[in-house]
Amino acid sequence: MTFDYDLFVIGGGSGGVRAARVAAATGAKVALAEEFRMGGTCVIRGCVPKKLMVFASGYSEMFDDARAYGWDLQEGDFNWLRFRDKLHAELSRLEGIYRKLLDGSDVAIFDARATVKDPHTVALSNGKDVTAKHILVATGGRPVLPEIPGAELGITSNEIFLLDEMPKNILIVGGGYIASEFACILKGLGVKVTQFYRGAQILRGFDDEARGLVAEGMRAKGVDLQLGTNVVDMRAATDGDHKGIWVKDSNGQEAVYDQVMFATGRAPNTGDMGLQAAGVEVGRQGEVVVDEYSQTAVPSIYAIGDVTNRVQLTPVAIREGMAFVETVFKGNPTPVDHALIPSAIFTQPEMGTVGLSEEDARAQEPVEIYSTAFKPMNHAFAGRDDRVLMKLVVSVATRKVLGCHIVADHAGEMIQLAGIAVKMGATKEDFDRTVAVHPTMAEELVTMKEPVRTA
Ligand code: NDP
């Protein structure tokens, strides 16, 4: 049987674009459909614009620090519209690069929505049917609103980049990556931020000591973080010309906010995709169920990235895409390695983490904990109280570093490098025999002599 293409990729995000390009480089005939903008969540409404907003928001503290370091300067106001327009010009530039890369790789682009018609056919929203030997579903995910009366009055991370005006005050609901990052970003941009998290501490699942320090730092910078609190009711509130949102919380308190942003999790984009009808298994969260090679229950259909709800991170989707091409187009079956993925949470203070939290490691085996929290040189000089954390979780039996957790400026950069050592199986003694780089914050990772506790 002949097909129009060897591979049809549905979704032009980080995973889909990489898989399409790498497959095309093997000589395969490849097409890709994207219904919105090339680049997907990461480039258009996620990592990239978020990180640029992190940079923008960091300047408010830098003005104070600069003065402490002897600079004579005056703080001005943040001009959201000037930043927003430049931000979107940059996103358009990046989108153009993605498109050019696909073009240059001879991938046929369909600016259309694609759904699966049968194991080898994709139906496009322009009315065309296209056949392919393999179909790769890389449709990503989307933010979900909780089922709370009035929740539709709120926005999500999709809309935050598009606002015509910065709110004076905002309520952010959730305690995960997105809620915590935006609480810090908006606070840094001068917005009065309240954050509700329903549980006992934000960033559930991460190391307790590290997330505790992040929460402490966020509060010290002025985020009104309210734990054990959720929204129970929301209504539009108008005061003259001013439109706001009235919110009642689970503790019975009421307040009016300019905006409410929900960052209460994301759901895979599998709705109305024709997947189940074609025989693809879809799980309870709406995720495409795949094996370790990203293959679905239908042998010709694979899925990668957030739509599979494995690890919702851009570099993981990219790896899954490359492993798929290795397996299907290079005859080299390659399972995706999801172990020891380093990641960063771009809160202020920033957190970088790889491996097991102290709590998870203790549940697994006896461990030694090496941990130090201190005021770094640059903050001490500037008169800031922020402390940083350097922490290693070490196996008593193998001496391997099971987890490394850093809370500090640029923790994301540091954990990328520490992650190599941890991934290689470095022991505490390997860390110790590495000479310190002085004076740095990260030198503490190789100079902690005695465990602070064993468990
Ligand atoms: P998360 O799953 O990380 O967090 C969702 C948060 O919302 C949790 O705190 C959860 O609480 C809370 N929540 C869920 N349902 C409700 C509800 N009905 N009412 C109130 N609160 C609720 O999702 P995010 O949206 O923050 O991020 C999605 C994913 O995107 C992340 O898991 C991450 O993989 C990725 N990401 C990565 C980033 C990075 O690498 N820096 C940045 C941004 C996103 P509870 O803990 O109690 O379940």
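The values are calculated or read from the model by the stated rules, or taken from the named source; none is laboratory data. Keep in mind that what you see is a predicted model, and the values were worked out from it rather than measured. Every residue, glycine as well, gets a Cβ built from its backbone with ideal geometry; the counts of neighbours run over all protein chains shown. Only protein heavy atoms, including side chains, enter the accessible area calculation; ligands, DNA and RNA are left aside. Shrake-Rupley method; radii C 1.70, N 1.55, O 1.52, S 1.80 Å.
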Prolate/oblate/rounded call for the chain, Cα gyration tensor, a/c under 1.5 rounded: oblate
Length released on extending from residue 373 to residue 69, taking residue separation times 0.36 nm less the Cα-Cα span: 107.1 nm
Under 11 Å, Cβ to Cβ, from residue 168 - net charge with Lys/Arg +1 and Asp/Glu -1: -1
In the range 196-261, GluC sites (Glu not before Pro) in a DSSP loop with at most 11 other beta-carbon atoms within 10 Å: none
FRET efficiency for residue 396 and residue 449, using Cβ-Cβ distance with R0 set to 22 Å, rounded to 0.05: 0.85
Electrostatic dipole magnitude of the range 1-104 [Cβ: Lys, Arg +1; Asp, Glu -1; Cα centre; debye, to 20]: 380 debye
Accessible solvent surface per residue of the chain, calculated while the other protein chains remain in place, 1.4 angstrom probe, Å²: 47 Å²
For the range 110-155 versus the range 320-388, the gap between their alpha-carbon centres in whole angstrom: 32 Å
Nearest-20 debye value, the range 388-444 charge dipole, Cβ charges on Lys, Arg, Asp, Glu: 300 debye
Net lengthening on full extension, residue 89/residue 112 (0.36 nm per residue, minus Cα-Cα): 6.0 nm
Listed residues 429, 358 arranged by accessible area, highest first, probe 1.4 Å: 429, 358
Which of 186, 340, 313 is most accessible, then next, and so on - probe 1.4 Å: 340, 313, 186
Cross-link reach list, lysines versus residue 221, counting only Cα pairs under 28 Å and skipping chain neighbours closer than eight places: 50, 51, 86, 168, 187, 192, 243, 248, 375, 391
Residue-count net charge about residue 384 - beta-carbon cut-off 9 Å; Lys, Arg +1, Asp, Glu -1: -4
Dipole axis of the range 310-455 (+1 Lys, Arg; -1 Asp, Glu on Cβ), positive-most option in 411, 442, 392: 392
FRET efficiency estimate (nearest 0.05) - Cβ-Cβ, residue 332 to residue 126, R0 30 angstrom: 0.25
Net lengthening on full extension, residue 35/residue 436 (0.36 nm per residue, minus Cα-Cα): 139.3 nm
Surrounding net charge for residue 81, when Lys and Arg each add one and Asp and Glu each subtract one, Cβ distance under 11 Å: 0
Anisotropy class of the range 183-277 from Cα gyration tensor, a/c 1.5 cut: oblate
Under the span-like rule (Cα at least 27 Å along the axis, Kyte-Doolittle mean at least -1.0), DSSP H helices of the chain: 47-68, 80-104
Cβ-placed point charges (K, R +1; D, E -1), dipole of the chain about Cα centre in debye, nearest 20: 480 debye
Percent RCO, i.e. relative contact order, over the chain, from Cα pairs under 8 Å lying at least 6 residues apart: 15 percent
Helix-only CD estimate at 222 nm, as mean residue ellipticity for the chain, using -39500 (n - 2.57) per DSSP H run (n ≥ 4): -9500 deg cm²/dmol
